[in-house]
């Protein structure tokens, strides 16, 4: 059997590099409603849970124990566990049941019940429920900023640009663990240069991570990974209790905490216990709420491609986000790790979070090209920014990224790199050279950056821990070096820790250091016209893309100078059987002087005349004034032609060969691709029109076809045609004219 | 000074700055770059006090986030515990690091040295749970 060429072409697409498989439930490779998932159940005796989701309490594993002790409101449970899955599912999508009522319900549900209920919804229902359940009113976004060389100047520049683009949180990590303090400092300085108040973190091993936070070099942490089985949890060297303690430890230092879960991790680690991904994720989420974390990043995350290998993967990932929001948690909804080789598939998946809006639409948009993403991320990266902001504009959706003018991007990049250079100098870290600063401003990625002495760097970075160099020291260094404004902002980040306001659910820091969270700005969507509406200044901002074209550049040049044509008089019907009448549009050689392809109208006329003559025909030119429509122009020309054959040409260049015997909207040959028509094309059109006039056999003029022509030219075409239409004189008779 | 109302006075830093104090008792207004330059801000001032964290716990509780409130109350207990002790307790709670006795000693120390009753209770729960799953050292 030989494959077809089409099948071969499809097999060479990026998509086909991915393994797509049938479910293997025993390995945990099933997305939802797994055959081994327990039936939801809850038995309470004397105020104690004695049976939950298929297990007697003496068989409870660590997660069951923690969730049953801290995660379920027994009073609410009596009420909600008695409701049918269908009833609860209906309420999730019932616009008259508000978020607060649904979050209350969730306090009494077991993990198996949540998974069962949510799996009754279809994707659009899930999106609607998610829109209703998002904790914070306005969606936001989080950026990744990393690079392979761990160049501090480039990290700072990228962080500054990300902050200026409106990211509310910026996350970095390391290739080499010992670099962590340097990366945290570069991120802190860079982010505060771009926009004061942006929260930052440096994701490293838990203990080191906590240390960075304690020293005030980071303000949030989402390293608290949680898994849905004990086996995976213990392999991750933690337990529910160590995680709960850690969550409290971070909060005690004024550090915002978000957990990380995400389906597929248990199966990948060999500890899925034969359960479905959604059920295990529901266990994670119940545990995350139970330990008192304010939020979660979930929805596949680093193992996103595993659910996507299975039927219902994208849907299940959305279901994960939905359960998290339902539990009242802040949700950073994945879309960070590369989910597919296929851009179509990546974006199809993205819409599940993008359209409803989540607290952080991605849990890491790669602010730099994906080559430099050290999180395995880059599902969307620096190259995609214009697409992202354009899609926001297309849907009138705020997905947390603002358009940024190039001059402003360059300004903040340079300022951030220079400020970081100064901080390194003041504190006595290895020098950041002027060359590094300059390259950091305009580089594509770290391959364009000078190499640093990495041995010296990591030795110096060790001192940050040894000497407890803090965020306050960074502010002081900035102040000493003359960067007061950035110093103030870095100090402002330290000050935020004193009030602890950003420890509340879904907190981000808005303008003027105002903390905005689910407490003071909750999502109160209750139907059309309520909740977050993208309008006013914000909508204007998100519309004003830097690649927006200035209409003046699209408006055709309007000519003041009179064209060199002589009007012969009213156009009469001819009698010469070799005649071809060329009818031009009302603006032709009037207000307009060239076609959309930049051909001068005089040259187009000459080419048509040459073509007609080359086949033995006689050309005659008339201007049709009553219409700007090419078919009617051509038909009018044909009806005045001695042969009954005419050509219609619009000012933008679109042409038709017509016969008086045809209906106006019919034609002999149509040349709609004006941007592709050359003078040779017009010669060939003239030739063929004469051939029809003289009853000679002729092949249709070959036409170029470009299906992208419309996408490229439609706006310009509209402008040109508007000018032509403005020149129409209703009821006016055509006039005959000659060049010169 | 009127009492704190967790229902209406969040963000506390904005609505009730009078209630926010640094560990040495300064108000937020004291934490400026000028004062930093002048050397009149003691080390380690940029953190929440136990009182502040308890107010945040009240805010979370009234917003019907009981577990977050519990967490912030535990955080209030940890606020005055030195960094290195916190890191030690965390390590002790990791799987197979501690015997039942080790954990009980930590719980006692949390109670007696730091008045951290909620933390002590968390450590004891851990010891009991770890025993059921063979995760004690």
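Taking 0.36 nm per residue of sequence separation and removing the Cα-Cα distance, the residue A:680/residue A:463 pair yields an extension gain of 70.7 nm. Structural descriptor for chain A: relative contact order 14 percent, calculated from alpha carbon pairs under 8 angstrom and at least 6 residues apart. Among B:47, B:15, B:37, whose mean-square fluctuation peaks in a Gaussian network model of chain B (Cα, cutoff 10 Å)? For chain B, modelled as a Gaussian network with Cα springs under 10 Å, the answer is B:37. The simple spin-label model puts a point 7 Å past each Cα toward its Cβ; for residue A:699 and residue A:661 those points are separated by 2.4 nm. Annotation: the antiparallel percentage among DSSP beta bridges lying fully within chain A is about 45. Taking other Cβ atoms within 10 Å as a rough exposure proxy, A:149, A:652 sort from fewest to most as A:149, A:652. Measuring between their Cα centroids, region A:279-334 and region A:192-238 lie 18 Å from each other. Based on DSSP H segments of at least four residues, each scored -39500 (n - 2.57), chain A has a per-residue ellipticity at 222 nm of -12500 deg cm²/dmol. Normalised by the number of residues in region B:82-137, the average gap of Cα pairs under 8 Å and 6 or more apart makes the relative contact order 41 percent.
Look at the alpha carbon pairs under 8 Å that are at least 6 residues apart: their mean separation over the length of region A:366-406 gives a relative contact order of 29 percent. Put a dot 7 Å past the Cα of residue A:730, heading toward its Cβ, do the same for residue A:20, and the two dots end up 5.6 nm apart. Peptide B:83-93 has a mean shielding of 5, counted as Cβ atoms of other protein chains within 10 Å of each residue's Cβ. Between 0 and 90 degrees, the angle of helix B:83-93 with respect to the longest Cα principal axis of chain B falls at about 30 degrees. Placing R0 at 22 angstrom, the Cβ-Cβ distance between residue A:454 and residue B:34 gives a FRET efficiency of 0.05 after rounding to 0.05. As a proxy for reagent exposure, ranking A:61, A:398, A:537, A:434 by other Cβ atoms within 10 Å from fewest up yields A:537, A:434, A:61, A:398. A Förster distance of 30 Å, applied to the separation of the beta-carbon atoms of residue B:117 and residue A:45, puts the FRET efficiency at 0.65. How would you classify region A:4-79 from its alpha-carbon gyration tensor, with a ≥ b ≥ c the square roots of the eigenvalues: rounded for a/c under 1.5, else prolate if a/b is greater than b/c, otherwise oblate? Here region A:4-79 falls in the prolate category. In whole angstrom, chain A maps to an equivalent ellipsoid with semi-axes of 63, 33, 23, each derived as √(5λ) from the alpha carbon gyration tensor and ordered largest first. By the count of neighbouring beta-carbon atoms within 10 Å, fewest first, A:516, A:630, A:234 end up ordered A:234, A:516, A:630.
Since every read-out is calculated from the coordinates, none of them should be taken as a lab result. In this text the structure is predicted, and so the values were computed from the model without any measurement. Methodologically, a virtual Cβ is constructed for each residue, glycine included, from the backbone with ideal geometry; neighbour enumeration extends over all protein chains shown.
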